[in-house]
Each structure stands twice: as C-alpha cells, then as structure tokens.
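Heads up, the thing below is written out as structure tokens.
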Amino acid sequence: MNFKKTLVVYRKETLEVLRDKRTIFTTFILPVILYPLLIVGFNSLMMRQTAVLEERGATLAVADQINTVESQNLLKEIRQIKNYHLLPYTASSQELYRQKDIQAIITLRDSVAADGLKYYLISVQYDKSKELGRMVYSNLKEAIAKQEKDLQKAYLNSAGLNPEVLNLVAIKEVDTSTAEKKMGMFLGMFLPYIVIMMLVAGAATVAADLVAGEKERRTLETLLVSSVGRQEIVFGKYLTIITLAMLNVVVNLFSISVSLKFMLANQSKDMAGVQMPLSAILILLAAMIPLATLFSAILLSVSTFSRNMKEARTYEQPIMMLAMMMGFISFLPTAEINNLWALIPVINIALLFKAVMINEYTLANLLITVGSTLVLDVLAIWATLKLFTTESILFRADDDSSSLKAVKKDKRMFFNPYYGLVYFTLALVVLYYLGGYWQLKDLFRGLMQTQILIIALPVLLISRILKLNGKETFRLKLPAPMEVVLIPFIAVSAAILVALLAQLINLVFPFPQAYVEMLSKLFTMDKSILRVFLVMSVLPGICEELLFRGFLIRFFEKYGAKTAVVISALLFALFHLDPFRFFPVLLLGLLLGYLVVRSGSLYNGMLSHLINNGLALLLTTFGSSAWLKPLLSKGDNLHFWLAVPALLVLSAGLYAFHKVTAKGDQACAE
C-alpha cells in the first residue's frame, strides 16, 4: 500500500466533505449553539418554573377532628408557609380538589396506644404526579416534623425527662469527595451516552456519502480507474470518516462540558469554578479514538455494501440503535468498569468514560478497553477491504433477486444473508420473550418447548412450505462408520478444553454468584437423570444443530464455506444470550461447523453436540463420585493439566477425521 496515495485520497475526500455547508453546520456550528440552548436554557426555565410554583402557593382544605391546642399549633405552623391558604373542610372540598381549586386535603385525628399513650394521625391527600403536589407534600412534611419535635419535647418535660434524650445519636456528615468528583459523577452518567451517539451519528453521515453516495452520483468509477489502488482508496476514506467523527466528538464534548459546568455552578456553590482535569479529557479522547475507528470501519463496510444512500441509511439504523442501547449502561448506578466489561465494545468505552470522570479506573481497564476495541477494528477494516475488492458487491445491481417474489419463482433465492439474519433475529426475539416466559414458568417443560417449538419446528415448517429437499438442504447424510468412531474422541477432548477455557475466564473475570446458581439449576432439575439428559443433551444436540449447522449456515455459503462456518458459529454463540460463555460456545460452534461441512453429515454435529452437553451433565451430577474425583479440583471444575492430553487427543482426532472424510466441495477444511 502506498501511503502517499492514501493521503491524497484522504485530502480529497476531507475537502469534499468540508465543502458541504450542511456538514459544516451540523458538525461544528449546531453543537456550539444547541447545547447551551438546551442545557442552560432548560435549566433556567426549570428554575423559573419552580419559583413560579412557590409564588403561586397552594390552597389546602383542613379537617381538624381533634381541635386541641396541639392541632391548632400545627395549623399555625402550616400557615407560616409562604402563600399557603387554609380552608375548613366542607362537603364540597372533594369536588374542589378534583377541579384542582384545592391542592391538598389534610385530615387530623388522634388515637390512643395500648399503653394509654396518645398520638396523632395526619393524612395528606395530594396528587403525586404533579410537581405542585409534590412540593406541597414536601413543605407540609417539613412543617409537621417541626411540630412533632415540639410535641415530643413537651411530653418529655411533663414526664420529668430531659428532652435531649431525643438527640442521643448525632450524625455528622463527612464528605470525602471533591467538587471535581461530584461533577464527574454527574457528567459520567449521561455524557458517555451522548458522546457515543454523536460519534456514531457523525461517522454515519460521512460514511454513507463516501461510497454509497458516490455510487448514486456515478463518481466512484472515476476514482477506481485512477492510479490509486483500492487499498489506498479504502484507507483514505476510512481516515476521512475517523477525522470527521472525532472532530464531531471534540466539538460536542466541549460544548456539553461548558454548558453543564455553567448549569452546575448555578445550582451549587460547591461547583463554582470547577474544572475538568486536562489529563481526564486527554484520556477520554484517546479512548474514543479506537471506538471511532471501529464504527468508521463498520459504517464504511455498510456504505460499500449498499447500492445507494437510502439503503445505507436503512442499514445504519440498527447499528445506531444497538450503540444507543449499549451506551445507556452509563446511566446504571451499579455498572462499573472491570476487566470483563472492558472486553465488550461500546459498553467498555461508556463505563471507562464514567470511571475516568470520577478518577476510579486502572491502567488495566484502559489497556483492555483500547486493545479489545482495536482487535475489532482490524476485523472490521478487513471486512471493508474484502467488500471493496469484490466487484459483485461493490457494483450490486438494483435487482429483486432477494425479494419474496423472486423466492417464489426460484426457491434457491431464499438462502441469502438478508433472510438468514432476519430469521435469526426473529428466532432470538421469540427465544428471549416466549422461551424466557416458558422457562420461568416451568424450567424443564420450558426447555423442551423452546427446543422443539422455537428452534426446530419453524425450520421444518419452512422446509415443508418451500418444498426443499430436506436431505440435501440439512445434510442428512449418514456418516461413515469411521467418522462415528472418531466423533466421541473429538467431542470429549473438545468439551474438556472448552470447559477449561470457561474456568480460565472465571478466574480472570469471576462469574456473578447469581449466574453460577442459575447455571447449576439447568443440570440439577428435580427430574430423573434420563429426562434431564433428554432435555439438556439430546434435544439441543438435534434441534440446535438443525437450526445452525443445518439451516442458518446455508444462508451464508455464497461467501464460501469458511465464512459460513464462522458466521454460523457467531450466531450460535449469540443465540445462547450468555456473555460469560460467549467465547467457549463460539469455539464449540466452529468445531461443529467444521465437522458438519467437512463430512457433509449433520449427524456428526448432532452427536458431538450431544456428547459435549452430556459431559457437562455428567460432571455436575456425578462430580462427588469417587471415580471422577481424580479429574476434578473444586466442585465440578476440571484440573488444568487435563488440557495437555485433551489437546493431543483433539489434534489426533481431527487429523484422522480430516483424512477419512471425503473432500468433495467442502473447501473450508483446507
């Protein structure tokens, strides 16, 4: 790759984007104007509205059923509240309350305890949904509390006791936080969310125009026939998106920070003159760069794949919604950055942002966040290069080959990536809502219903409706005897390695206790071992393999067998809705995909999947047995030394499996 040519493309694209007045306005001018108007203006408006409510006061109806000196003193205390007017309770008071002419109704009653002590019951009827109602109740509560204190003192004096007995415990507040930390706590809640959204929105605007827009304007061909190579074009456009996205972040961050600082200073004297540390700002900007490069690569891939701007905008919407939901984690008070969260994109940046604002982060958090995001950057830009160098994708025709009308004409058109992702998304939604409901109601029955009705049955119905050749589509070819012999060796050794990987993850990023207990419930149901084996091993082995290695894998085979295996494994890992076991399940999915595609038999995947789940059930059920104890360290955890023999057996098993299976057209094994 020629770096000079990349810079030429970068300068060209950047200048063209900056010539657009709309881009200049939305990226640089609008944030500087918008946030002061929204934040400072809204805060001033709220303060003014609160003052208006206090000046307006309230009219209260009072039903004094006691009419003693004490009750009169209480009403006198309430009358001292500014702009509060008391009216005697009448038959029309409830109607006046419904018409909002009266804001609250106070009822005073007394009662006597079992030991003869007289006490007072005060009822306050008000509308808590209204700001005025809440303010009235707060003022009344304060006045009543003050009068209660006076009554207690009078009672103690009459009993010959020292009233100071009420103050035996004095609480002194010692706040160790600084004004900077208070501001950081406040900003750290929603600033990451806003900045992430602005980053994605800024990158999306530029990315859609750089490739999809050029396709519409018919100017992309001119660039492709120049002396600049495709790698230089991709990286030049990539750098342009990153630059504009980061400029958008800097401008938005500056405008929001200044506006919020002004607002907080007006609300609290402690916040006056507080400045965000320069080191924190630099760390945040440095941490945002990997996220900017990640979304720039993803959105550039989307733009490259799209035929026009309209299609690109359509694909961008789910990405923005996902980023929005993941960035929302900064609002959760208990969510804090740790080494596990640091591995999850977007979430890691949001929580790191929050931690930096209050200066409670470690260097490991920062490095893992940046490192894990950069790994995804590399994968995303590799995908962009792959798309940009594939003519059939770069210049996709505006045809209807993937429409339902085309599917009716030719059933083979059904198996395209679009329908595959749509089906997976629908299945995931049904699993989460309906499957989750079934399993909460009855775990054993719910798991059976999930496997049969949600995972397997729809696949079989679609096959029947489209009149597909089930044997060919799902690779229902009987495996060779030697394959069946090798599968147990491969499956058991792989299951051991996957279990050890899960244990290693648990050592580095400890699983929550609630998660461990939930997982153990799956294997310790109050059913016979055969019934648990059926629902935990047999049904998943059949139904999940039918869905992922039999059905979903077919949608992505146009990209090659290797890619189809990887995508089906990713979907398989996502479908389990378990972030703690994502990587072990992903590796298992890759192995199962290889076994099925290499041999052309789904039965090999089913048998291997069954053995994997069966081994987990065996360890959980018989972990305390004497014949298993030499293999276990604590509970049902395996000894790590088992990784060596398991790796040797797996390597030998895969080598033998590779030799005995016919190559055919299954090039993914090479």
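Does segment 633-653 hold any residues that are within 14 Å of Pro488 (Cα to Cα) and either touching a Cys at 6+ places or on another chain (Cβ under 7 Å) or open to solvent by less than 50 Å² (accessible area, probe 1.4 Å) (or both), and which are they?
Correct list: Ala646, Leu650, Gly653.
Could you pull out the residue among Tyr594, Tyr559 that is among the aromatic types (Phe, Trp, Tyr) and surrounded by fewer than 18 Cβ atoms within 10 Å (Cβ to Cβ)?
Step by step, each of Tyr594, Tyr559 is checked, and only Tyr559 is among the aromatic types (Phe, Trp, Tyr) and surrounded by fewer than 18 Cβ atoms within 10 Å (Cβ to Cβ).
Rundown of residues vs (1) open to solvent by less than 50 Å² (accessible area, probe 1.4 Å); (2) at pLDDT 90 or above; (3) assigned to a helix (DSSP H, G or I), yes/no style:
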site: Leu570; (1), (2), (3): no, yes, yes
site: Ala573; (1), (2), (3): yes, yes, yes
site: Arg581; (1), (2), (3): no, no, yes
site: Leu586; (1), (2), (3): yes, yes, yes
site: Met606; (1), (2), (3): yes, yes, yes
site: Thr620; (1), (2), (3): yes, no, yes
site: Ala626; (1), (2), (3): no, no, no
site: Lys659; (1), (2), (3): no, yes, yes
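Just a yes or no: is a residue in segment 421-429 open to solvent by less than 30 Å² (accessible area, probe 1.4 Å) and at pLDDT below 90?
no
Is at least one residue of segment 282-293 in contact (Cβ under 8 Å) with a residue 60 or more places away in the chain, open to solvent by 20 Å² or more (accessible area, probe 1.4 Å) and of a type outside the set (Val, Ile, Thr)?
So far as segment 282-293 goes, yes, one or more of its residues are in contact (Cβ under 8 Å) with a residue 60 or more places away in the chain, open to solvent by 20 Å² or more (accessible area, probe 1.4 Å) and of a type outside the set (Val, Ile, Thr).
Tell me whether segment 329-336 contains one or more residues that are buried (at least 18 other Cβ atoms within 10 Å of the Cβ), in contact with a Pro (Cβ under 9 Å, 6 or more places away or on another chain), in the same structural domain as Lys215 (by TED's automatic domain parsing) and modelled with pLDDT of 80 or more.
yes
Return the total of residues in segment 72-99 being more than 12 Å from Leu60 (Cβ to Cβ), touching a residue at least 24 places away in the same chain (Cβ under 8 Å) and out of contact with any helix residue (DSSP H, G or I) (no Cβ under 8 Å at 6 or more places or on another chain).
Matching residues across segment 72-99 total 1.
Go through (1) in a helix (DSSP H, G or I); (2) surrounded by 14 or more Cβ atoms within 10 Å (Cβ to Cβ) for Pro479 and report which single condition fails.
All conditions pass for Pro479, except number (1).
Give me the residue from segment 483-521 that is in contact with a Gly (Cβ under 6 Å, 6 or more places away or on another chain) and open to solvent by less than 60 Å² (accessible area, probe 1.4 Å) and, out of that set, nearest to Thr661 (Cα to Cα).
The qualifying residue nearest to Thr661 (Cα to Cα) is Leu486.
So that you can scan it fast, the table gives a plain yes or no per residue for (1) within 34 Å of the chain's Cα centre (by Cα); (2) at negative phi:
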| residue | (1), (2) |
| --- | --- |
| Ile29 | yes, yes |
| Leu38 | yes, yes |
| Ala51 | no, yes |
| Asn67 | no, no |
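Among Glu54, Glu16, which is under 30 Å from Gln99 (Cα atoms) and in a helix (DSSP H, G or I)?
Of Glu54, Glu16, the one residue that is under 30 Å from Gln99 (Cα atoms) and in a helix (DSSP H, G or I) is Glu54.
Could you grab me the full set of residues in segment 124-174 that are within 22 Å of Leu96 (Cα to Cα), open to solvent by less than 70 Å² (accessible area, probe 1.4 Å) and not in a helix (DSSP H, G or I)?
If the condition is that a residue be within 22 Å of Leu96 (Cα to Cα), open to solvent by less than 70 Å² (accessible area, probe 1.4 Å) and not in a helix (DSSP H, G or I), then Val124, Gln125, Tyr126, Asp127 are the ones that fit.
Here are the criteria: (1) open to solvent by 50 Å² or more (accessible area, probe 1.4 Å); (2) acidic (Asp, Glu); (3) not in a loop (DSSP other than H, G, I, E, B). Tell me which single one Glu316 does not satisfy.
Status for Glu316: all satisfied but (1).
Go through the residues of segment 54-64 one by one and say whether even a single one is open to solvent by less than 100 Å² (accessible area, probe 1.4 Å), within 35 Å of the chain's Cα centre (by Cα) and of a type in the set (S, T, N, Q).
Scanning segment 54-64, I find no residue that is open to solvent by less than 100 Å² (accessible area, probe 1.4 Å), within 35 Å of the chain's Cα centre (by Cα) and of a type in the set (S, T, N, Q), so the answer is no.
With the requirement that a residue be closer than 19 Å to Lys118 by Cα, without any contact (Cβ under 8 Å) to a residue 60 or more places away in the chain and of a type in the set (Asp, Glu), what does segment 43-71 give you?
Asp64, the sole residue that qualifies.
Please give the helices (runs of 4 or more DSSP H) falling wholly within segment 175-247 in which 3 or more residues are closer than 30 Å to Ala355 by Cβ and touching a residue at least 40 places away in the same chain (Cβ under 8 Å).
In segment 175-247, the matching helices (runs of 4 or more DSSP H) lie at 179-208.
The values are calculated or read from the model by the stated rules, or taken from the named source; none is laboratory data. Note that the structure is a prediction, hence the values are computed from the model and not measured. Glycine also receives a Cβ, built like all others from the backbone with ideal geometry; neighbour counts cover every protein chain displayed. Remember, those area values only see protein heavy atoms, side chains included, never the ligands or the DNA or RNA. Shrake-Rupley method; radii C 1.70, N 1.55, O 1.52, S 1.80 Å.
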